[in-house]
1. Given a 1.4 angstrom probe, what's the average accessible area per residue across the chain, in square angstrom?
2. Return the sequence-ordered ³J(HN,Hα) values of region 52-58 in whole Hz as given by the Karplus equation 6.51 cos²θ - 1.76 cosθ + 1.60 applied to θ = phi - 60°, using x for Gly and Pro.
3. Please compute one quarter of the surface area of the Cα convex hull for the chain and express it in square nanometres.
4. Can you tell me how much longer the chain between Arg23 and Thr53 gets when fully stretched, taken as 0.36 nm per residue apart minus their C-alpha distance, in nm with one decimal?
Amino acid sequence: NPSAVIRLKAVSAVTYNTIYGTRTYAVSIVKIISSSDWSYLQATADNRITITTCLADHPESRVLVQAIEVE
């Protein structure tokens, strides 16, 4: 659903709260990827969070959101 991706692009940050504290990440990528694409889970030099989710009626695709920690 392309309209779902457009709404995600409007998000500029992800806040992650744990018992160890809160971290804020600036969104750098929002895109639709293949369900077999693991390239976005490779090690990076920076601290980032990667979120993937299924896409309704498209089992071969995933929505990917990746964000880099703001210090």
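The values are calculated or read from the model by the stated rules, or taken from the named source; none is laboratory data. Small disclaimer: the values here were computed from a predicted structure and weren't measured. Quick note on the areas: whole protein, heavy atoms, side chains included, nothing else; ligands and nucleic acids left out. Shrake-Rupley method; radii C 1.70, N 1.55, O 1.52, S 1.80 Å.
1. Values: 5130 Å² over 71 residues.
Accessible area per residue, the chain: 72 Å².
2. Ordered by residue, 3J(HN,Hα) equals 10, 8, 5, 10, 3, 6, 9 Hz.
3. Working: hull surface 21.6 nm².
Dividing the Cα hull surface by four gives the mean projection, 5.4 nm².
4. Details: separation 30, 0.36 × 30 = 10.80 nm, distance 2.10 nm.
Answer, rounded to one decimal: 8.7 nm.
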